[in-house]
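Student: Here's a structure for you.
The values are calculated or read from the model by the stated rules, or taken from the named source; none is laboratory data. All values derive from a computational prediction rather than experimental measurement. Note that each Cβ is placed from the backbone with ideal geometry, even for glycine, and that neighbours are counted across all protein chains shown. Surface areas here come from the heavy atoms of the whole protein model, side chains and all, with no ligands, DNA or RNA. Shrake-Rupley method; radii C 1.70, N 1.55, O 1.52, S 1.80 Å.
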Amino acid sequence: MHNKTIAEISRDLAAGEYSSTEITTDLLARVKDLDKGLNSFITVTEEQALAQAKAADERRAAGNATPWTGVPMAHKDIFCTKGVLTTCGSKMLSNFEAPYDATVVENFNNAGAVSLGKTNMDEFAMGSSNETSYFGPVKNPWDTDRVPGGSSGGSAAAVAARLVPGATATDTGGSIRQPAALCGITGLKPTYGRVSRWGMIAFASSLDQAGTMTRTVEDSAMMMNVMASFDKKDSTCVERDVPDYTSTLNDSIEGMTIGLPTEYFRDDISAEMQQQVRNAIAEYEKMGAKVKEISLPNTHLSVPTYYVVAPAECSANLSRMDGVRFGYRCEDPKDIEDLYCRSRGEGFGNEVKRRIMVGAYALSAGFYDAYYKKAQQVRRLIKNDFVEAFKDVDVIMSPTSPTPAFKFGEKTDDPVAMYLEDIFTIATNLAGLPGMSVPCGQVNNLPVGLQLIGNYFDEARILNAGHKFQQATDWHLKAPQGIE
Amino acid sequence: MALDQDQVRKIASLARLQIDDGQIAEYQTNLTNILDLVDQLSAADTDGIDPMAHPLDAVQRLRADVVTEENQRENFQKIAPATEQGHYLVPRVVE
């Protein structure tokens with residue numbers, strides 16, 4: 001049963017092939033069995049899951065089922081879940097039971113979905129390897145000596161290992177697309193403002209966006225139908241109709257123009273990696289798409305821009321973690337200053353502290369113009385590159401990450417080397433565009449991802465393009481050894 | 001842009017983060033490397049470019065000035081490290 005996709009489970013439940021309780025029980029047992037070796041979950045909510053499954057079966061019997069009623073899934077531990085531990089991968093929130101549900105969680109609850117628990121992640125979503133989690137690293141199901149990518153490494157590994165057919169995730173600089181690529185699954189980051197950020201613990205508010213981790217593009221469209229909604233509780237959420245993302249999946253892509261940015265096919269990306277992506281492009285040409293070389297000339301400035309904007313916003317957002325109202329508090333503080341400094345010093349890990357400090361420095365008196373304002377100006381240049389490019393092309397394609405999954409410890413001593421892991425994904429967040437990664441090949445038995453970047457609110461088109469690719473190829477069906 | 005150890009201590013104190021003395025050198029190296037990466041921005045020509053704060057250049061939505069939240073003090077204070085009679089407890093601030 002664990003090889004079923006969301007679409008298949010939805011159809012099977014509707015046809016009465018099995019009940020939600022049966023598949024939920026089956027997957028919970030699988031989590032217990034396999035996750036000891038992967039560490040993809042921080043919290044498994046067995047009792048709640050079985051209660052949700054029972055309620056879903058009753059709802060179906062009463063004739064009120066939605067396509068999601070009774071379908072099992074999981075949430076990244078960055079989404080607040082009422083009465084359930086919500087740690088954000090940090091010691092700081094290791095005792096935090098959220099007092100309310102995030103809008104994304106509420107949307108899935110209302111649709112009748114069954115959550116099996118909360119997935120592991122880099123601490124406060126800061127990392128590209130899942131090695132910064134207070135709860136230990138997640139292992140890549142394709143090779144347990146390697147990282148699953150990050151920050152949504154738990155969601156990616158759980159989906160790749162067939163523990164759940166889909167999971168929520170978030171992406172601030174590549175945190176959905178890069179782990180999706182490294183774990184051989186499909187990951188979509190929607191347009192900034194498409195999905196509510198309410199109840200999603202903030203890292204960099206102008207970049208954070210919730211999205212989907214699934215094995216197929218069809219399942220991603222099904223998740224988007226639930227996740228995308230206008231929410232007046234999130235002032236940056238955009239009031240705009242939500243299409244049925246599944247209805248255009250099979251549209252013809254004949255005549256679609258694909259832009260290939262020269263800056264994303266660099267000499268330091270291995271020939272094998274590039275070949276996998278070129279093969280995918282050739283597949284699109286067979287389906288009648290046209291290919292055009294384009295230039296995004298400010299690409300080289302995207303990582304430096306990100307490492308001003310994201311730390312600056314994180315230093316402000318994480319100031320609420322002070323040991324007073326919730327979360328970790330140090331033992332025996334001698335005064336209020338000691339309470340703040342030790343609670344934060346002991347509660348946050350090194351990467352989080354580094355980023356808070358970079359942000360505090362960039363925002364401090366005398367440096368604001370040179371760092372934050374300058375970065376915001378370059379951010380507009382980066383956006384303008386995309387606006388210009390989308391005058392001539394429908395979709396932009398590139399590798400998702402510069403390398404396949406790397407080994408544990410390989411980049412932990414050098415933060416800058418880790419930051420360059422997101423070199424192809426960061427610009428999309430800075431511009432606020434939707435981006436997706438789909439599996440498109442393998443190098444040394446490790447998955448490689450193809451990134452599809454769409455124009456603003458053009459999720460339906462990249463889902464359409466991704467689905468057509470998955471109809472023509474079988475990379476998304478490949479499973480890690482021992483997982484089948 | 002190389003930071004010295006006193007600058008690292010000052011930034012940590014501004015951010016209310018206790019950093020152990022034994023770790024200051026490591027932070028110094030890492031923060032300096034990050035700032036070197038960021039310094040590539042100074043070469044970009046941004047004359048006349050408006051700073052971009054929001055990807056869609058959206059403006060703040062307004063709403064009617066009415067009460068929308070219910071009081072949930074007990075609910076929120078249940079998860080606090082220390083409270084008394086509806087207040088959050090911290091070490092004495094005023095002697």
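Student: Which one of these does residue A:141 not meet: (1) more than 15 Å from residue A:78 (Cβ to Cβ); (2) in contact with a strand residue (DSSP E or B) (Cβ under 8 Å, 6 or more places away or on another chain); (3) crowded, with 24+ Cβ neighbours inside 10 Å?
Tutor: Answer for residue A:141: the failing condition is (2).
Student: Go through the range A:232-270 and count every residue that is in contact (Cβ under 8 Å) with a residue 40 or more places away in the chain and within 14 Å of another protein chain (Cβ to nearest Cβ).
Tutor: Selection size over the range A:232-270: 6.
Student: If I ask for residues that are open to solvent by less than 20 Å² (accessible area, probe 1.4 Å), part of a helix (DSSP H, G or I), more than 19 Å from residue A:364 (Cα to Cα) and touching a residue at least 60 places away in the same chain (Cβ under 8 Å), which ones from the range A:286-342 would you list?
Tutor: Scanning the range A:286-342 gives A:299, A:301, A:302, A:303.
Student: Additional query: Quick one: in the range B:1-23, of everything that is in a helix (DSSP H, G or I) and closer than 12 Å to residue A:357 by Cα, which residue is farthest from the other protein chains (Cβ to nearest Cβ)?
Tutor: Taking the range B:1-23 as the starting set, the residues that turn out to be in a helix (DSSP H, G or I) are B:5-14, B:21-23.
So of that shortlist, the ones also closer than 12 Å to residue A:357 by Cα come out as B:7-14.
Details: B:7: 8, B:8: 8, B:9: 11, B:10: 9, B:11: 5, B:12: 6, B:13: 8, B:14: 5 Å.
Only one residue fits best here, namely B:9.
Student: Follow-up question, since we're still on this one. Provide a single number: the residues in the range A:121-136 that are in a loop (DSSP other than H, G, I, E, B) and either touching a Phe, Trp or Tyr at 6+ places or on another chain (Cβ under 6 Å) or surrounded by fewer than 24 Cβ atoms within 10 Å (Cβ to Cβ) (or both). Before the answer, list the steps.
Tutor: As a first pass, look at the range A:121-136 and keep what is in a loop (DSSP other than H, G, I, E, B): A:121-122, A:126-136.
In the following step, the residues that additionally are either touching a Phe, Trp or Tyr at 6+ places or on another chain (Cβ under 6 Å) or surrounded by fewer than 24 Cβ atoms within 10 Å (Cβ to Cβ) (or both) were identified as A:131, A:134-136.
Selection size over the range A:121-136: 4.
Student: Also, I was wondering about something else. Which condition number in (1) open to solvent by 20 Å² or more (accessible area, probe 1.4 Å); (2) in contact with a helix residue (DSSP H, G or I) (Cβ under 9 Å, 6 or more places away or on another chain); (3) at positive phi is the one that residue A:89 fails?
Tutor: (1)
Student: Can you name the residue in the range A:149-192 that is within 23 Å of residue A:411 (Cβ to Cβ) and among the β-branched types (Val, Ile, Thr) and is also surrounded by the most Cβ atoms within 10 Å (Cβ to Cβ) among such residues?
Tutor: That would be A:176.
Student: Here's something else I'd like to know. Need the failing condition index for residue A:254 against (1) within 23 Å of residue A:392 (Cα to Cα); (2) in contact with a Pro (Cβ under 8 Å, 6 or more places away or on another chain), just the number.
Tutor: (2)
Student: Among A:168, A:248, which is the only one that is in a strand (DSSP E or B) and not assigned by TED's automatic domain parsing to the domain that holds residue A:309? Before you say what the answer is, go through the steps one by one.
Tutor: Values: A:248 fails: in a strand (DSSP E or B).
Result of the check over A:168, A:248: A:168.
Student: Here is a follow-up. From the list A:366, A:359, which one is crowded, with 19+ Cβ neighbours inside 10 Å, more than 7 Å from chain B (Cβ to nearest Cβ) and within 18 Å of residue B:35 (Cβ to Cβ)? Steps first, answer last, please.
Tutor: Details: A:366 fails: crowded, with 19+ Cβ neighbours inside 10 Å.
The unique qualifying residue is A:359.
Student: Could you tell me which of the residues B:28, B:72 is more than 24 Å from residue A:205 (Cα to Cα) and touching a helix residue (DSSP H, G or I) at 6+ places or on another chain (Cβ under 6 Å)? Full working, then the answer.
Tutor: Details: B:72 fails: touching a helix residue (DSSP H, G or I) at 6+ places or on another chain (Cβ under 6 Å).
The match here is B:28.
Student: For the range B:30-41, how many residues meet the condition of being open to solvent by 70 Å² or more (accessible area, probe 1.4 Å) and facing chain A (nearest Cβ under 7 Å)?
Tutor: Of the range B:30-41, the ones open to solvent by 70 Å² or more (accessible area, probe 1.4 Å) are B:36, B:40.
Subsequent filtering for residues that are facing chain A (nearest Cβ under 7 Å) retains B:40.
Of the residues in that region, 1 qualify.
Student: Kindly provide the set of residues from the range B:42-95 that are at the interface with chain A (Cβ under 7 Å from one of its Cβ atoms), surrounded by fewer than 11 Cβ atoms within 10 Å (Cβ to Cβ) and among the aliphatic types (A, V, I, L, M), ordered by number.
Tutor: Once the filter is applied, which keeps residues that are at the interface with chain A (Cβ under 7 Å from one of its Cβ atoms), surrounded by fewer than 11 Cβ atoms within 10 Å (Cβ to Cβ) and among the aliphatic types (A, V, I, L, M), the range B:42-95 yields only B:93.
Student: Here is a follow-up. Determine, yes or no, whether residue A:355 is in contact with a helix residue (DSSP H, G or I) (Cβ under 7 Å, 6 or more places away or on another chain) and either within 30 Å of residue B:83 (Cα to Cα) or modelled with pLDDT under 95 (or both).
Tutor: no
Student: Out of all the residues in the range A:462-476, which are open to solvent by 50 Å² or more (accessible area, probe 1.4 Å) and touching a Pro at 6+ places or on another chain (Cβ under 9 Å)?
Tutor: Within the range A:462-476, just A:475 meets the criteria.
Student: What single numbered condition from (1) over 19 Å from residue A:201 (Cα atoms); (2) over 22 Å from the mean Cα position of the chain (by Cα); (3) facing chain B (nearest Cβ under 8 Å) fails to hold for residue A:305?
Tutor: Of (1) over 19 Å from residue A:201 (Cα atoms); (2) over 22 Å from the mean Cα position of the chain (by Cα); (3) facing chain B (nearest Cβ under 8 Å), only one is false for residue A:305: (2).
Student: Here's something else I'd like to know. Can you say whether residue A:382 is more than 22 Å from residue B:14 (Cα to Cα) and either within 11 Å of chain B (Cβ to nearest Cβ) or touching a His at 6+ places or on another chain (Cβ under 6 Å) (or both), as far as the supplied structure shows?
Tutor: Numbers: more than 22 Å from residue B:14 (Cα to Cα): yes; either within 11 Å of chain B (Cβ to nearest Cβ) or touching a His at 6+ places or on another chain (Cβ under 6 Å) (or both): yes.
The answer is yes for residue A:382.
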